[in-house]
1. Under the condition of being within 14 Å of the chain's Cα centre (by Cα) and surrounded by fewer than 17 Cβ atoms within 10 Å (Cβ to Cβ), which residue from region 219-237 is farthest from THR208 (Cα to Cα)?
2. Mind listing just one residue for me: the one in region 264-279 that is out of contact with any Pro (no Cβ under 9 Å at 6 or more places or on another chain) and hydroxyl-bearing (Ser, Thr, Tyr) and, of those, least open to solvent (accessible area, probe 1.4 Å)?
3. What single numbered condition from (1) within 18 Å of the chain's Cα centre (by Cα); (2) more than 11 Å from the ligand (Cβ to nearest atom); (3) more than 26 Å from LYS198 (Cα to Cα) fails to hold for SER118?
4. Starting from residues that are within 19 Å of GLY105 (Cα to Cα) and out of contact with any Lys or Arg (no Cβ under 9 Å at 6 or more places or on another chain), keep the ones in region 56-82 and report whichever is surrounded by the fewest Cβ atoms within 10 Å (Cβ to Cβ).
5. For ARG246, which of the numbered conditions (1) more than 20 Å from GLN192 (Cα to Cα); (2) among the charged types (D, E, K, R); (3) at pLDDT 95 or above fails to hold?
6. With respect to PHE139, is the statement that it is of a type in the set (A, V, I, L, M, F, W, C) and open to solvent by 40 Å² or more (accessible area, probe 1.4 Å) true?
7. May I ask you to list pairs of residues, at least six apart or on different chains, whose Cβ atoms are under 6 Å apart, with the first in region 106-131 being open to solvent by 40 Å² or more (accessible area, probe 1.4 Å) and the second being outside any loop (DSSP other than H, G, I, E, B)?
Amino acid sequence: KILLASICVAFLAVKWTAPSFDAESLRGARVLVTGASTGIGEQMAYHYARFGAQIVITARREKVLQQVAEKCLSLGAQKALYIAADMASESDPDKVVDFALEKLGGLDYLVLNHIGPSPFSMWEGDVEHTKWLMKVNFFSYIQMAWKALASLEQNKGSLVVVSSLLGKMPSPFVAPYTSTKFALNGFFGALQHELAMKKSNVSISICTLGLIDTESAMEKVSGVTSVPAYPATDAALNIIITGATRQLELFYPWFTHILTVSKDWFPSVTNYVIQNSYNYSP
Ligand code: NDP
């Protein structure tokens with residue numbers, strides 16, 4: 001108990017000493033948010049809009065993007081443009097970054113957030129789906145990051161990668177999804193080192209999220225687990241603040257940080273908890 005209490009105090013101390021956020025710094029900021037037609041990406045678009053940013057949003061469904069962009073303008077965005085794209089395509093990730101660079105005249109923030117739909121079920125050998133998901137959830141991220149890097153470097157910009165607790169801690173029913181998030185953490189973790197060693201102007205923030213109450217997530221887990229879900233709008237705001245304050249990592253909700261540590265320190269207990277947090281009988 002004493003050990004657990006000390007860990008909690010240490011984590012809270014880290015949270016309280018985080019750099020302070022200046023909302024004004026986002027006024028006029030040039031931002032590209034992916035996966036912004038629904039869920040956390042949509043909420044991020046609205047927050048950036050309220051802060052007076054210039055935004056480009058992308059996802060596959062053009063009609064929905066148009067509605068989100070209209071709402072962004074009504075909330076105060078200086079610009080709100082959209083471009084429909086499929087991140088499984090070879091060329092669309094580049095096309096989207098080119099569009100944002102051209103329309104906004106450069107980028108201050110690239111927020112990589114989209115994910116392709118993936119089943120919530122036991123692994124049944126669908127290799128093709130996993131390859132496809134890797135394209136959408138991983139390869140498109142590194143392609144867009146590379147394409148935007150020169151502009152971010154010029155503008156002392158930030159790259160924000162939305163990842164998951166499942167990118168640090170494997171969990172049942174989501175093997176393909178978990179793999180894509182582990183890949184993201186590995187790749188962008190390495191890039192954080194390289195940029196720091198090169199004394200680059202670009203910051204990379206890797207965001208570890210727990211369960212968030214988006215429609216797609218809730219659809220998958222309802223009736224399967226009683227793990228609490230946290231509000232998408234609050235998760236979105238925390239991601240934005242993490243990027244704006246150039247922090248290396250976000251853990252939202254905060255106890256996800258403790259879970260990642262407990263997995264290494266108390267593996268048997270953590271595995272027991274994970275496997276028993278789902279309603280499943282073979
Ligand atoms: P949603 O499923 O709500 O949104 C996914 C977004 O990606 C949509 O805008 C969707 O739009 C877009 N998208 C899907 N497929 C493609 C594609 N092939 N090409 C381009 N865009 C695509 O996701 P969440 O908001 O729940 O999650 C957002 C991020 O947060 C993800 O990175 C996720 O891993 C992370 N996260 C979420 C958690 C949660 O519990 N919700 C927990 C941990 C992490 P469209 O269909 O129009 O293409």
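1. Initially, region 219-237 is screened for residues within 14 Å of the chain's Cα centre (by Cα), giving 232-237.
Checking the rest, the ones that are also surrounded by fewer than 17 Cβ atoms within 10 Å (Cβ to Cβ) come to 233-234.
Details: THR233: 15, ASP234: 14 Å.
Taking the candidates together, the pick is THR233.
2. THR270
3. (2)
4. ALA69
5. Every condition holds for ARG246 apart from (1).
6. In short, yes.
7. ILE115/ASN137; PHE120/LYS220; TRP123/ALA175
The values are calculated or read from the model by the stated rules, or taken from the named source; none is laboratory data. On a predicted model such as this, the values are computed, not experimentally measured, just so you know. As a convention, Cβ positions derive from the backbone with ideal geometry for all residues, glycine included, and neighbour counts pool all protein chains shown. The accessibility values were calculated without ligands, DNA or RNA, using every heavy atom of the protein model including side chains. Shrake-Rupley method; radii C 1.70, N 1.55, O 1.52, S 1.80 Å.
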